[in-house]
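The values are calculated or read from the model by the stated rules, or taken from the named source; none is laboratory data. Please read all numbers here as calculations on a predicted model, not as lab measurements. Note that each Cβ is placed from the backbone with ideal geometry, even for glycine, and that neighbours are counted across all protein chains shown.
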Number of protein chains: 2
Amino acid sequence: MKNKIIIEPIGVIHTPNKEQKGTPIQPRGAKGIKGKIEIFKKFKGGLLDIDGFSHIYVLYYFHKIAETSLKVKPYLDDFEHGVFAVRSPKRPNKIGLSVVRLVSVENNILHVENLDMLDQTPVIDIKPYIPDFDIFEVDKIGWLNGKSENCDKIKDDGRFSNE
Amino acid sequence: MKNKIIIEPIGVIHTPNKEQKGTPIQPRGAKGIKGKIEIFKKFKGGLLDIDGFSHIYVLYYFHKIAETSLKVKPYLDDFEHGVFAVRSPKRPNKIGLSVVRLVSVENNILHVENLDMLDQTPVIDIKPYIPDFDIFEVDKIGWLNGKSENCDKIKDDGRFSNE
């Protein structure tokens with residue numbers, strides 16, 4: 001197996017979230033936060049027919065996180081959990097995942113809403129969000145039981161910031 | 001912005017899907033396909049409390065895809081679409097996303113079900129799947145309207161294979 005995979009950003013997100021502290025922790029808590037995903041010109045052809053979808057996955061790189069950790073205390077709990085059992089940014093590969101609302105497409109710009117990403121975040125993939133593919137009935141949500149519904153109330157308190 | 005991001009696999013997926021042709025195209029079509037996600041020992045600490053979740057996102061690298069393309073003809077349609085409007089593997093950054101059922105955890109091994117990945121696929125992240133974070137009501141699904149429900153019937157026909 002290759003032990004290094006090279007990823008090239010396909011674009012950049014422009015959002016009003018200028019610093020970690022105060023940024024919503026999930027799209028669910030980012031209602032009405034509007035911005036733009038600028039897809040670099042060389043990848044523009046890949047946007048054909050994206051305008052048919054109301055929601056898209058954005059995969060991105062947590063560019064402001066310098067360190068990673070295998071155990072982290074997430075926003076929604078007072079205890080540490082393994083990093084693969086939380087959605088915090090301080091992960092071995094600093095890849096973030098958000099489902100945002102796609103409002104319109106203009107040339108190489110996606111106008112989007114519900115943005116929980118920091119301004120200038122590099123984008124590494126866009127995928128259409130498709131209920132038949134992406135909605136699953138779950139049996140259990142571990143430490144988030146009784147807590148996950150607070151994801152729209154809590155903001156980033158800066159705990160993962162290096163600045 | 002950094003124009004190269006380096007990703008290091010955190011593990012590898014062991015599945016019965018030995019070749020592209022015949023592999024399910026989505027977890028929804030992979031019911032009962034069981035396998036293991038082996039998390040490399042150095043990342044084992046990140047699994048703490050993952051056993052509380054019934055479903056997890058697996059982010060992985062399409063290691064069998066040599067070329068990428070901005071326009072692709074997906075499995076579920078006879079027409080080409082932009083690669084960011086489809087879920088096909090032939091993408092600029094070859095990152096795949098599947099929600100699988102987590103059955104049990106044994107040391108650094110996740111026993112999982114509903115696997116639409118090829119055997120030996122490198123894993124780059126694991127995140128818990130949380131309905132409050134991840135389920136969205138959509139208005140439209142573009143070219144997949146009337147087609148997405150067939151994702152459990154159609155298998156990979158080998159069109160993205162290089163072999």
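Some observations on this one:
- Residue check for A:L48: more than 15 Å from the chain's Cα centre (by Cα), buried (at least 21 other Cβ atoms within 10 Å of the Cβ) and more than 22 Å from B:I7 (Cα to Cα): no
- Just so you know, in the stretch A:142-159 the residues that are buried (at least 20 other Cβ atoms within 10 Å of the Cβ) and either touching a Lys or Arg at 6+ places or on another chain (Cβ under 8 Å) or more than 7 Å from chain B (Cβ to nearest Cβ) (or both) include one that is nearest to A:G29 (Cα to Cα), and it is A:C151.
- Inclusion of B:G35 among residues that are at pLDDT 95 or above and under 16 Å from A:F84 (Cβ atoms) is not warranted.
- Being of a type in the set (D, E) and either at pLDDT 95 or above or at positive phi (or both) holds for only one residue in B:E106, B:E149, B:E163, B:E67, and it is B:E106.
- Evaluating A:R87 against the criteria (1) buried (at least 22 other Cβ atoms within 10 Å of the Cβ); (2) touching a Leu at 6+ places or on another chain (Cβ under 6 Å) leaves one unmet condition, (2).
- Single residue of A:K44, A:K18 found to be charged (D, E, K, R), touching a residue at least 24 places away in the same chain (Cβ under 8 Å) and closer than 24 Å to A:S161 by Cα: A:K18
- If you filter the stretch A:126-141 down to residues that are buried (at least 20 other Cβ atoms within 10 Å of the Cβ) and in a helix (DSSP H, G or I), you find that the one that is nearest to the other protein chains (Cβ to nearest Cβ) is A:F133.
- Among the residues of the stretch A:8-31, those identified as under 17 Å from A:Y57 (Cα atoms) and touching a Pro at 6+ places or on another chain (Cβ under 9 Å) are A:P9, A:I10, A:G11, A:V12, A:I13, A:I25, A:A30, A:K31.
- In summary, strands (runs of 3 or more DSSP E) completely within the stretch A:1-90 and bearing 1 or more residues that are away from chain B (no Cβ under 11 Å) occur at A:11-14, A:34-39.
- The requirement of being surrounded by fewer than 21 Cβ atoms within 10 Å (Cβ to Cβ) and either in contact with a Cys (Cβ under 6 Å, 6 or more places away or on another chain) or closer than 21 Å to A:P122 by Cβ (or both) is satisfied by A:K41.
- Within the stretch A:91-125, the set of residues being part of a loop (DSSP other than H, G, I, E, B) and either facing another protein chain (nearest Cβ under 7 Å) or more than 15 Å from the chain's Cα centre (by Cα) (or both) comprises A:R91, A:P92, A:N93, A:N107, A:N108.
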